[in-house]
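Asker: One structure, as structure tokens, below. Some questions next.
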Amino acid sequence: MADVLEELAEAGPDRPSVTVRTPARIHRASPGGRAVPLDSQDLLPFVVGLVGAAHRRVLAAVFIIDPRPEEDPDGTVRLVLDSLARARWRGLDVRVLVGGSARTPAIELAGRVARRYLEAAGVPCRQFVGKTGETSFHSKYLIVDDTVVVGSHNWTRRAFLTDNELSLALTSPALAAALRFDFDRDWRRSDGGDGSATGPPTGDRPDEEAAALLARDGEGGDRP
């Protein structure tokens with residue numbers, strides 16, 4: 001899984017073309033494991049390729065996922081989300097935890113739009129909100145089989161293309177298992193889980209924006 005072959009990620013009419021590659025900066029991390037540093041421009045093609053090669057599971061816990069058209073005009077974030085949908089349609093265990101913010105409406109809105117977008121594509125998604133109604137979630141990691149990607153990247157166009165970010169991909173069955181334990185714990189505690197978490201009022205705007213995004217996506221052709 002650490003070796004992602006050169007390939008061209010499938011791009012729809014409104015999607016940027018992304019060449020999937022493994023960065024040259026690969027270091028031995030542990031017996032049988034490889035660590036791959038990923039800067040801002042490295043992460044997007046690496047994640048799309050990694051998810052495309054998954055065999056069992058794809059679990060993502062990301063504080064900010066922002067597919068809103070005004071923040072993601074060329075579909076950069078949606079390219080990643082659509083790769084998750086393809087993995088789900090292949091029968092894999094694909095789940096996404098997204099954060100939010102009771103104090104920052106734009107972050108809260110982005111999370112709710114991402115959730116609606118993923119759910120419409122068949123990907124289970126929950127929003128982590130603390131019991132008080134305030135967000136207590138700042139994780140940024142991805143588990144693909146036995147490979148973990150963790151670092152500073154949110155899933156936003158800026159983080160993928162322009163911001164100075166750094167993440168690390170590491171193939172380690174032990175680390176992946178430990179993070180799956182944390183993921184499942186947070187999954188149960190999240191909005192849509194055991195009912196213990198309640199978020200701030202949503203209003204109508206997130207649903208309206210998600211519907212508009214999905215309608216716009218459909219104009220260019222079938223979803224992948």
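The values are calculated or read from the model by the stated rules, or taken from the named source; none is laboratory data. From a predicted model like this one, the values you see are computed outputs, not experimental measurements. Heads up, the Cβs are rebuilt from the backbone with ideal geometry, glycines too, and the neighbour counts pull from every protein chain shown.
Asker: Residue check, GLY52 against (1) surrounded by 23 or more Cβ atoms within 10 Å (Cβ to Cβ); (2) of a type in the set (Gly, Ala, Ser); (3) free of Cβ contacts under 8 Å to residues at least 60 places away in the same chain, all met but one. Which one?
Answerer: In the conditions (1) surrounded by 23 or more Cβ atoms within 10 Å (Cβ to Cβ); (2) of a type in the set (Gly, Ala, Ser); (3) free of Cβ contacts under 8 Å to residues at least 60 places away in the same chain, GLY52 misses (1) alone.
Asker: Is there any pair linking a residue in the range 137-160 that is more than 25 Å from PRO73 (Cβ to Cβ) to one that is part of a loop (DSSP other than H, G, I, E, B) and among the hydroxyl-bearing types (Ser, Thr, Tyr), with Cβ under 7 Å and at least six apart or on different chains, and which?
Answerer: Listed by first residue and then by second, the contacts come to ASP146/SER172; VAL148/SER172.
Asker: Something else now. Of the residues ASP93, ASP66, which single one is under 21 Å from ASP191 (Cα atoms) and in contact with a strand residue (DSSP E or B) (Cβ under 6 Å, 6 or more places away or on another chain)?
Answerer: Of the residues listed, the single one that is under 21 Å from ASP191 (Cα atoms) and in contact with a strand residue (DSSP E or B) (Cβ under 6 Å, 6 or more places away or on another chain) is ASP93.
Asker: Could you go through the range 177-191 and let me know if any residue there is modelled with pLDDT of 90 or more and small (Gly, Ala, Ser).
Answerer: yes
Asker: A further question on this structure: What is the one condition in (1) buried (at least 21 other Cβ atoms within 10 Å of the Cβ); (2) out of contact with any Gly (no Cβ under 9 Å at 6 or more places or on another chain); (3) at pLDDT below 95 that HIS27 does not satisfy?
Answerer: Going through the list (1) buried (at least 21 other Cβ atoms within 10 Å of the Cβ); (2) out of contact with any Gly (no Cβ under 9 Å at 6 or more places or on another chain); (3) at pLDDT below 95, HIS27 breaks only (1).
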